[in-house]
1. Could you give me the residue pairs with C-beta distances under 6 Å whose first residue belongs to the stretch 231-260 and is within 15 Å of Cys89 (Cα to Cα) and at pLDDT 95 or above, whose second residue is outside any helix (DSSP H, G or I) and of a type in the set (D, E, K, R) wherever it lies, and which are 6+ apart or on separate chains?
2. Just need a number here: residues in the stretch 95-108 that are crowded, with 18+ Cβ neighbours inside 10 Å and either in a helix (DSSP H, G or I) or free of Cβ contacts under 8 Å to residues at least 24 places away in the same chain (or both).
3. Please go through the stretch 234-254 and pick out each residue that is among the small types (Gly, Ala, Ser) and surrounded by 21 or more Cβ atoms within 10 Å (Cβ to Cβ).
4. When Ala165 is evaluated against the numbered criteria (1) in contact with an Asp or Glu (Cβ under 8 Å, 6 or more places away or on another chain); (2) at pLDDT 95 or above; (3) among the small types (Gly, Ala, Ser), which criterion, by number, is the only one it fails?
5. Among (1) surrounded by fewer than 21 Cβ atoms within 10 Å (Cβ to Cβ); (2) closer than 29 Å to Ala246 by Cα, where does Ala177 come up short?
6. Can you name every residue in the stretch 123-144 that is outside any helix (DSSP H, G or I) and on the phi < 0 side of the Ramachandran plot?
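The values are calculated or read from the model by the stated rules, or taken from the named source; none is laboratory data. No experiment lies behind these values; they were computed from the predicted model shown. Here Cβ is always computed from backbone atoms with ideal geometry, including for glycine, and neighbour counts include all displayed protein chains.
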Amino acid sequence: MLNCETPARTPVPASTPPPPPAASEALAPPFANTPAPSSPSPNPSSPPQPTRAAMTLSADPPADTGAGATAAKGSPPLHIWIVSGPAGCGKSTVAEHLAAVLAVPYIEGDQYHTPDNVAKMQNGVPLNDADRWDWLRLLREEAVGRLDTGGDGSGSGGVVVTCSALKRKYRDVMRVAPYFRPRVRLHFIYLEATEEALLKRVAARENHYMGANMVHSQFEALEPPTADEVDVIHIDVGRPREAVKAAAERTVLEIMGQEA
């Protein structure tokens, strides 16, 4: 786990990483832990837990020792920066700033919700797990697609995405992105704030479907990143906006310098 003042990462041992999952497992939403034929179908609101290999993505993606690794040798990393946290924490502000500084595409996660999801939130109905799986998969695929094409066929060295990623299993869905892509590095920039502070911020927003009543439900669902999620950068947003943007920018640039 990182914070904005100490961006250096804990070195990952050079031991042999666990084998990557089958392609179907890496690409299915959210993970393809298919039960045995005799097992009942899983409840969509309570999907299977991610595989052991998937959980290790919080450190590094599986090694690619084939042609992909050869092609990537000497190439700079491609970074996916996921700006996360509950409603009102400033995800869009930080993400837009980082995208401008890095000159990379920016994906506003809220714009990828289905009309049904938006309607639920407008009516104060919290989204459940089943509402989020397709949204998370779509964001993941869009982020990878922007890396591959830059949105205009020119190629991109990175992409910035806003995604609440409230629960660990949601973050694990996004962590599939580096599978079989040896150049891709995925990072979460988790914006920390108190519920009281965010209630005030959201109440002051205009023309946004996420009302103040949704902040409490998001904090009820929130699973803050834990110490073993070493791909997470913690940024305290209980300070002026410019200071938050500067802290995020400084940390991101230091990480990119370390991984170049």
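1. Pairs that qualify, where the first residue is within 15 Å of Cys89 (Cα to Cα) and at pLDDT 95 or above and the partner is outside any helix (DSSP H, G or I) and of a type in the set (D, E, K, R), are His234/Glu192; Asp236/Glu192.
2. Matching residues across the stretch 95-108 total 5.
3. Ala247, Ala248
4. Condition not satisfied by Ala165: (1).
5. Result: Ala177 fails condition (1) only.
6. Asn123, Val125, Pro126, Leu127, Asn128
Okay, residues lined up against (1) closer than 30 Å to Asn213 by Cα; (2) in a loop (DSSP other than H, G, I, E, B); (3) modelled with pLDDT of 95 or more:
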{"residue": "Val83", "(1), (2), (3)": "yes, no, yes"}
{"residue": "Thr93", "(1), (2), (3)": "yes, no, yes"}
{"residue": "Asp110", "(1), (2), (3)": "yes, no, no"}
{"residue": "Met121", "(1), (2), (3)": "yes, no, no"}
{"residue": "Arg146", "(1), (2), (3)": "no, no, no"}
{"residue": "Val161", "(1), (2), (3)": "yes, no, yes"}
